[in-house]
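The values are calculated or read from the model by the stated rules, or taken from the named source; none is laboratory data. The model shown is predicted, which means the values in this text are computed figures rather than measured ones. Reconstructed Cβ throughout: ideal geometry from the backbone, glycine too, with neighbour counts over all protein chains shown.
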Amino acid sequence: MSKSEKLTQFLVMIVAVCAVVVSVWQVRISQQHNKLSVMPYLDFFSGWASDSTWRLTLMNEGIGPAIIKSTELTYDEKVYTHWDAVLDAANIRDRRVNSTNVGNDSPFKIDKEIVFLEIKNDPLNPVTFGIDVLIRYTSIYGGEIQELTIGF
């Protein structure tokens, strides 16, 4: 085998190895793109539902479903997992009109909207209750845990 044939075979092998490296790189980029293409984005919206009712709504505005890992309701530095307990602790359970508890590892689809809490209040003299809400969630691919918080 001549030197030129050996050189040609060596260069062909280098080109083949480069093609494999580029293919692996493309697959990784494609996987990252697929994960980003289904990222959830949970957000709270609050406002007056009527003349005497304040509403806290939870909505997924992202382009993929969320997995809610945990929900923490905090009042007076104590953590609760459901509305009955925190509203009892704050002594305002009788003001509740509607509430929704979200369990751990619950799926939350795209464009889903729930009334998280609806409570009687006076828009002319609104009362803050000292309750903080923390929701931890992730995408269906797992990965980094996102946190959503609000206090009222």
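Points worth noting:
- Residue within the range 71-85 that is assigned by TED's automatic domain parsing to the domain that holds Ile131, exposed (fewer than 15 other Cβ atoms within 10 Å of the Cβ) and on the phi > 0 side of the Ramachandran plot present: yes
- Among the residues of the range 139-152, those that are more than 30 Å from Gln32 (Cβ to Cβ) and either part of a strand (DSSP E or B) or touching an Asp or Glu at 6+ places or on another chain (Cβ under 6 Å) (or both) comprise Ile150, Gly151.
- Residue among Ile114, Ile119 that alone is outside the structural domain of Gln32 (by TED's automatic domain parsing), without any contact (Cβ under 8 Å) to a residue 60 or more places away in the chain, assigned to a strand (DSSP E or B) and of a type in the set (A, V, I, L, M): Ile114
- Restricting Arg55, Arg28 to residues that are over 27 Å from Lys109 (Cβ atoms) and modelled with pLDDT of 85 or more narrows the list to Arg28.
- Of all residues in the range 108-152 being of a type in the set (Gly, Ala, Ser) and farther than 19 Å from Asp76 by Cβ, the one that is surrounded by the most Cβ atoms within 10 Å (Cβ to Cβ): Ser139
- Taking the criterion of being under 29 Å from Pro107 (Cα atoms) and assigned to a loop (DSSP other than H, G, I, E, B), the residues of the range 122-138 that qualify are Phe129, Gly130.
- Take the conditions (1) of a type outside the set (Asp, Glu); (2) touching an Asp or Glu at 6+ places or on another chain (Cβ under 9 Å); (3) not assigned by TED's automatic domain parsing to the domain that holds Gly142; Ser30 misses just one of them, which is (2).
- Assessment of the range 90-98 against the conditions (exposed (fewer than 14 other Cβ atoms within 10 Å of the Cβ), not in a loop (DSSP other than H, G, I, E, B) and not hydroxyl-bearing (Ser, Thr, Tyr)) yields at least one matching residue.
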